[in-house]
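Enquirer: Below: one structure in structure tokens.
What follows draws every value from the coordinates through simple rules; no lab data is involved. The model shown is predicted, which means the values in this text are computed figures rather than measured ones. Cβ placement follows ideal geometry from the backbone for every residue including glycine, while neighbour counts extend to all protein chains displayed.
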Amino acid sequence: MFLILLLVFIIVPAMELSVLIQVGDALGVWPTIGLVFFTAIVGVSLVRSQGLHTLMTVQKKLARGEAPGQEIVEGMMLAAAGVLLLIPGFVTDFIGLLLLTPITRSPIAAYMYKRMQLQVVANGRFNGGFGQPGQNPFGSGNPFDNQGNTFDGDFERKQDPQPRSHHIEADKDIIEGDVERPTNKPEDDKR
């Protein structure tokens, strides 16, 4: 995790500054700034159109009763591409364009989706990024934690031994006084 944070907050900005300085020397200051704004505007409009296309593909798959797993991964990649294209710089724009272009996005999304499926199969359930694989992140209250809190059994529905009308007749006799009701009196009466 430390290595990823080091990469994101130190190495990527250093690369961005280096590339911006080199492009600024070659093109000049104002054309470089204009190019940064141009890539951001074009990138955001492409993210919107590709996002709508991906959303329609998801709806079509859902209408056919199929799981749109890869399309959901592609949607997450499009969101990341939008963020990368809005960050000023050419390195993040290049990575954002890789995630945005369908030719490169589809194979990357297919690979990531297969990896997620393998993780689910290997662990028995999706870890979701919390703790170790198979560890319950929400405490021991989960009924699926396989720690002896689940009971396995069978049941069968049985009919009442007496029909319902017999119960009604017995209640009617008690109310009318035909049946003697047992009383629970203490043994003090025998003195």
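Enquirer: What does the convex hull of the Cα atoms of the stretch 35-85 come to per residue, in Å³, rounded to a whole number?
Expert: 44 Å³
Enquirer: Related question: With a 10 Å Cβ neighbour count serving as the proxy for reagent exposure, in which order, fewest first, do Arg105, Arg157 appear?
Expert: Lowest count first: Arg157, Arg105.
Enquirer: I want to check the label-to-label distance for Ser49 and Gln119. Put each point 7 Å from Cα in the C-beta direction and report it in nm to one decimal.
Expert: The two pseudo-label positions are separated by 3.3 nm.
Enquirer: Can I ask one more? Please label the shape of the stretch 1-77 as rounded, prolate or oblate, based on the square roots a ≥ b ≥ c of the eigenvalues of the alpha-carbon gyration tensor (a/c under 1.5 means rounded; beyond that, a/b larger than b/c means prolate, else oblate).
Expert: oblate
Enquirer: To continue, here is another question. What order do you get for 43-53, 92-102, 65-75 when each peptide is scored by the mean count of other beta carbon atoms within 10 Å, highest first?
Expert: Ranking, from highest mean packing down: 92-102, 65-75, 43-53.
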